[in-house]
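Taking it in order: structure first as structure tokens, then the write-up.
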Amino acid sequence: MPDLPTAAPSAPSATEPSAVVLPPLTVPDKANSAVGESQMTLMSPTALSEQNETDWAIVIGIALVAEIGLLWGAACVGLWRRRIALYRAASKAAEAGPAMG
């Protein structure tokens, strides 16, 4: 019978000096970009400029005023149609003559 190994080979421990390589604590001088080159950032260009953005409250206010205006216009058209229908009914009744009764 062949001899069986008593323990499996172990993984390298984290305490070995070659196991973990940490980045330097200070930024090297070469990190500065040359003129004309861009650096990668975590913010989009639209998030950096605030002078061209419209406030969300203004947008909601404009939408609210537009909605109220449309509802007011629809109500006015509905009342106008009822008034026309009432006028036509009254003129048909007048043409028919007085009611006999």
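The figures follow:
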{"item": "Close pairs (8 angstrom Cβ cut-off, 6 or more residues apart or separate chains): part of a helix (DSSP H, G or I) in region 70-86, β-branched (Val, Ile, Thr) anywhere", "result": "none"}
{"item": "Residue in region 79-101 that is within 38 Å of the chain's Cα centre (by Cα) and either open to solvent by 100 Å² or more (accessible area, probe 1.4 Å) or modelled with pLDDT of 90 or more (or both) present", "result": "no"}
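The values are calculated or read from the model by the stated rules, or taken from the named source; none is laboratory data. Since we're looking at a predicted model, the values are computed, not measured. All Cβ positions, even for glycine, are placed from backbone atoms using ideal geometry, and neighbour counts span all protein chains on display. Heads up: the accessible areas ignore ligands, DNA and RNA and are worked out on the full protein's heavy atoms, side chains in. Shrake-Rupley method; radii C 1.70, N 1.55, O 1.52, S 1.80 Å.
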